[in-house]
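Laboratory data are not the source of any read-out in this text; all were calculated from the coordinates shown. Predicted model only: the values in this text are computed from it and were never measured. Here the Cβ positions follow ideal geometry from the backbone for every residue, glycine too, while neighbour counts run over all protein chains shown.
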Amino acid sequence: MDRRAFLRNLGVITGAGTVSMVLGNISVRAFSKSFLNVQSVNGKVIVILQLSGGNDGLNTIIPIEDSLYYNARPSLRIAKADAIKLNNLTGMHPSLMPLKSLFDDGKVAIVQNVGYDSPDRSHFRSTDIWLSASDSNVVVDDGWVGRYLANVLPDHNNFNTDHPMAIQIGSTQSALLECTCQGTMGISFESPNQFYQLINGSIADNDPPPNTIAGNQLKYIKEIAALSIRYAEVIKEKADSVQNMATYPDTRLGRQLAIVAELIAGGLETPVYLTSIGGFDTHANQAGSHSNLLTGVSEAIAAFQADLELLRVADRVVLMTFSEFGRRVNQNSSGGTDHGTAAPLFVIGRNVYGGLYGSNPDLSDLDNSGDIKFKYDFRQIYATLLTSQLGMPADRMPDVLPRSFETLPLISDRNFLQGSPGSFQLEQNYPNPFNPSTSINYTVRVPAALKLEIYSAAGDRVTTLINEYKEAGSYSVRFDGSKYPSGVYFATMESGAVRQTIKMVLIK
Amino acid sequence: MKSGNNLNKISVWDEAAARHILSRSLFGYNKQDVEFALSITLDEFVDNYLLADQPEPPQPGAWVNDPTDDNTTENTRELIYWWYNLMMTQGYSIRERMVLFWHNHFVSEVSKVSLPQRMYWQNKLLRDFAMGNVRELTKTITIDPAMLIYLDGVRNRRGAPNENYARELMELFTLGIGNYTEQDIQEGARALTGWRVDGLTAYFTQDRFDNEFKTFFGETGNLNYIDVVNIIFNQPAAATFLCRELYHEFMHVAHDEVSIAAMAQILSENNFELKPVLSALLKSVMFHTDEVRGAKIKGPVELMVGAMRQFNVATPDYPYMRTVAAQTKQELFSPPNVSGWDGDKVWINTTTLPARNIFTDTVVNGRRPGGGDLTFQLNLVEYVRTFSSSEDAVQLIDDIAKIFLQFPLSENRKEYLLNTLLDGAEVYDWSTSDPQAEDRLKLFFKALMRLSEYQLS
């Protein structure tokens, strides 16, 4: 990053920041990230789980009292007695048993009949529609997550952040994380260790390519090279710093979610993760394969949720599933189901308001192909995650989605209250100078999500002392400097767009 | 694109043109290849070499004829190495490049097809038609055993249609989305009924065939699979769709509908024979413009086989190549789904790009990252001595770049490569007789092939 961009990020040029006077000589790395952080996500994370191939929604969430369902599925139907009852009319596939206790605890929201107008039954086109959040008749090349990261987060580009903006576990990168304005916003890898091994010894190349077709291809490759070099170390460090505390199934998805949990708990500030599992295109002999798929998904999710809670980061994370479409109501003659339309979708997390949203599909009112009509637009779910979970102001929706969408009350927002000027007060630490530890007192006047971080004089973040929602009150937290060398340190408290910083001196 | 629809033949057949055509129609090339191409005319090189019919290669093993051989792991491995070897040894023919193109077009995956024998026969079919008639290829692949299994054609029968093949036939293989209706899929599926597979053979069962009238693209009759393909190819979208794919394969991924339409005209005027349109394209002004050069991102197989051919490796390490193919996401006979590999930028991400770099390092080192020698060891001093500029460091870098890179090197990059090669020595001290020459050349080639430019074709 050049100096001008650096200064702009610090707020010197725009005048938006208050920190630059205090921290004039702090290096780019820490504070470009901090600047990014204040106006964006406050430690909140969304984990997207893509079920590729078109999950059979009707056999996932089952209308247990609907004779039309039983008639349409002579051999594939799930008997009422076998379904896991959610209420008088609705049940879950028995293979989703691992999610039952989460549902009972109110951590699973199930939104019924999610889809879009003029549904497309091509895997590829419909996947593109879901990833891009476009209308059915509009082709958009980038992803809604990529646009969120590029358009809504403030003046930055990929290379300014300490931690990657988005991570895909797996080594084929999705269009979800692309933005046509800035290129890829995320990185992908199979595992932190493998990633680190791959990158070791690479050198970045900063020659600007010419603005030609070939030059743009070259620019993309160079960006990927720079991204991978930049992030390999911090990812390995974060993954190595914690251990999973729950036992995951030994499946590809289980391993993916285990990595995500480690990275979140290890302190990586990446706000968006993408995971995926394939195999849902069940045209033939569906019963066994679909059951196995649902078992795999629900076991992995249950382990993930348990792990997040044991690792004490569950308040920050919401997981959403999606699939490019549901399947035809009538089963086909191969013991399977063909491509369909709307389907249920899961939103899972400790701050989720659990329960069923919307009623069972109306199987007496299908479209011309015999498919379910959608009731909730999938962009409503995205809009909800962006605003309620990631704290995006509602008026920024058109920067990410084709227009504004009505949100659903899926997620508790008590953790997303952001501070306003005067809503908290950070006091000077005592004692100061100190050796080896000191107390930092602060007062919260308006409940909010707060973060307190310590930086060295060189601008490296030393530790994060607080990153959670705090009720009003007076608090004290200790900073133990025994592991660190003598010198000047800064403690920065932030919430929403407000930040306060104190200077502390450690003398050994 | 500035050149627009310009399928006129280029007037100058020079080294730059030869390098570009070799880069796009083979899997890598070496110095001798450029010299050979320039020793004859452009017309001769394209029509008598690149597009000339080739003899049928020997089968990978007797197992391909035995449907009961269930040694699938070993047979799949053998099949992959066999194809790598054909790519290595194809000579001046575009055929294997086209077979890979068709493999990524008429996609099947060995995991669902279950017998690698069937993938061999599908591969042979794609090779038989590699530069042949697209419409006839489409008819034949429709009743290819691997395809019948892969897209559930074997489950498609009278009274119980399975639409899987009908949909992909129109969406991915011939017309593209938006050029057919849901009704065309349903009616087309009915016309495609009746086919089953026994072992390695497809056969028609009259009582599974929907022996009634169907209406497909407005034509009504007791249509069968031949009618379906003929009717599809009567749609103007068919020639356009296929030429768009060819354009992406040989030019670049940008859209240029004017040029694509001009190619489509050649294809349909020639009754869907491929050679005329390929010949015109490879000789055309639009193919040889500067901005097309270096504008394609190499696929993993192209990258790996290309590296072997650039260094004239006689005994490539196929097991290692297969390992890298998995890391870089192009396992032959196992495309990710029915739409095949996306290609282009999707090839390159923060995992696959480092894996490519480690591959080229490994080729130069002759040793796998975890230890263990490759099946070959390069002798780089001997290799660079095949260049007349071998003792002139600056010129040598230019000459080698012409084999390894399609994208012009900036002065900065040249200087970086020169510094790497000299490793602290003065430029006039460079000599391949220096005891350090082999080590310096190792550093140089690793740096060269780690350049982002090396990923471009």
Antiparallel bridges, percent of DSSP beta bridges restricted to the protein assembly as shown (to nearest 5): 70 percent
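In whole Å, what three semi-axes, largest first, describe the equivalent ellipsoid of the protein assembly as shown built from its Cα gyration tensor (square root of 5 times each eigenvalue)? Provide the component values of the computation, followed by the final result.
Details: eigenvalues 454, 345, 111 Å².
The equivalent ellipsoid of the protein assembly as shown has semi-axes of 48, 42, 24 Å.
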Share of Cα-Cα pairs in chain A lying beyond 35 Å, as whole percent: 36 percent
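Suppose every K and R has +1 on its Cβ and every D and E has -1 on its Cβ; what is the size of the dipole of chain B about the Cα centre, in Debye to the nearest 20?
On the way: 43 positive and 61 negative charges, 122 e Å.
In total the dipole reaches around 580 debye.
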Candidates per trypsin sites (Lys or Arg not before Pro) in region A:260-359, loop by DSSP, up to 14 other Cβ within 10 Å: A:ARG312
Least to most buried among A:LYS100, B:LYS283, A:LYS85 (fewest other Cβ within 10 Å first): A:LYS85, A:LYS100, B:LYS283
Average beta-carbon neighbours from other chains, 10 Å sphere, peptide B:157-167: 3
Shielding of B:353-361 by partner chains, average beta-carbon count, 10 Å: 5
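For the protein assembly as shown, what is the mean residue ellipticity at 222 nm derived from helices alone (per DSSP H run of n ≥ 4: -39500 (n - 2.57); sum divided by total residues; nearest 500 deg cm²/dmol)?
Numbers: 32 runs with 346 residues, N = 965.
It comes out at -11000 deg cm²/dmol, rounded to the nearest 500.
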Peptide-level mean, for B:446-457, of C-beta atoms on other protein chains within 10 Å: 4
Fraction of beta bridges assigned by DSSP in chain A that are antiparallel (%, nearest 5): 70 percent
Listed residue (B:LEU417, B:PHE27, B:ASN211) projecting farthest to the positive dipole end of chain B, Cβ model: B:ASN211
Region A:241-284 versus region B:241-292: alpha-carbon centroid distance in Å: 44 Å
Under the Karplus curve 6.51 cos²θ - 1.76 cosθ + 1.60, θ = phi - 60°, whole-Hz ³J(HN,Hα) for region B:265-272, x wherever Gly or Pro sits: 5, 4, 4, 6, 5, 9, 6, 6
Dipole-positive endmost among B:TRP430, B:TYR81, B:GLN117 within chain B (Cβ charges, Cα centre): B:GLN117
Sorted by Cβ density within 10 Å, fewest first, the residues A:ILE235, A:ILE187: A:ILE187, A:ILE235
Selected from B:LEU380, B:PHE445, B:GLN455, residue furthest toward positive end of dipole (region B:380-455; charges at beta carbon): B:GLN455
Whole-angstrom gap from region B:346-383 to region A:308-369, using each part's C-alpha centre: 45 Å
Average projection area in nm² (convex hull over Cα atoms of region B:380-455, one quarter of hull surface): 4.5 nm²
Likely footprinting exposure, A:GLU468, B:GLU249, B:GLU15, fewest C-beta neighbours within 10 Å first: B:GLU15, A:GLU468, B:GLU249
Cα-based helix-to-principal-axis angle, B:352-365 vs chain B, degrees rounded to 10: 50 degrees
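Which loop-located GluC sites (Glu not before Pro) does region B:202-247 contain, where loop means any DSSP state but H, G, I, E or B and the Cβ has at most 15 other Cβ atoms within 10 Å? Intermediate results must be reported in sequence, preceding the final value.
Details: sites: B:GLU212, B:GLU219, B:GLU245; in loops: B:GLU212.
Sites meeting the loop and neighbour criteria: B:GLU212.
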Qualifying lysines (Cα of each under 22 Å from Cα of B:LYS112; at least 8 residues distant if same chain): B:LYS124, B:LYS139, B:LYS329
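So how strong a dipole does region B:99-155 carry about its Cα centre when Lys and Arg Cβ are +1 and Asp and Glu Cβ are -1, to the nearest 20 debye? All intermediate terms of the calculation are to be shown ahead of the outcome.
Details: 7 positive and 5 negative charges, 9 e Å.
Around 40 debye, computed over region B:99-155.
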Separation between Cα centres of region A:44-75 and region A:430-480, rounded to whole Å: 47 Å
Shape box of chain B [Cα atoms, principal axes, largest first, Å]: 83, 50, 39
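How large is the charge dipole for region A:450-508, taken about the Cα centre, if only the Cβ atoms of Lys, Arg (+1) and Asp, Glu (-1) carry charge, to the nearest 20 debye? All intermediate terms of the calculation are to be shown ahead of the outcome.
Values: 8 positive and 6 negative charges, 37 e Å.
Dipole size: approximately 180 debye.
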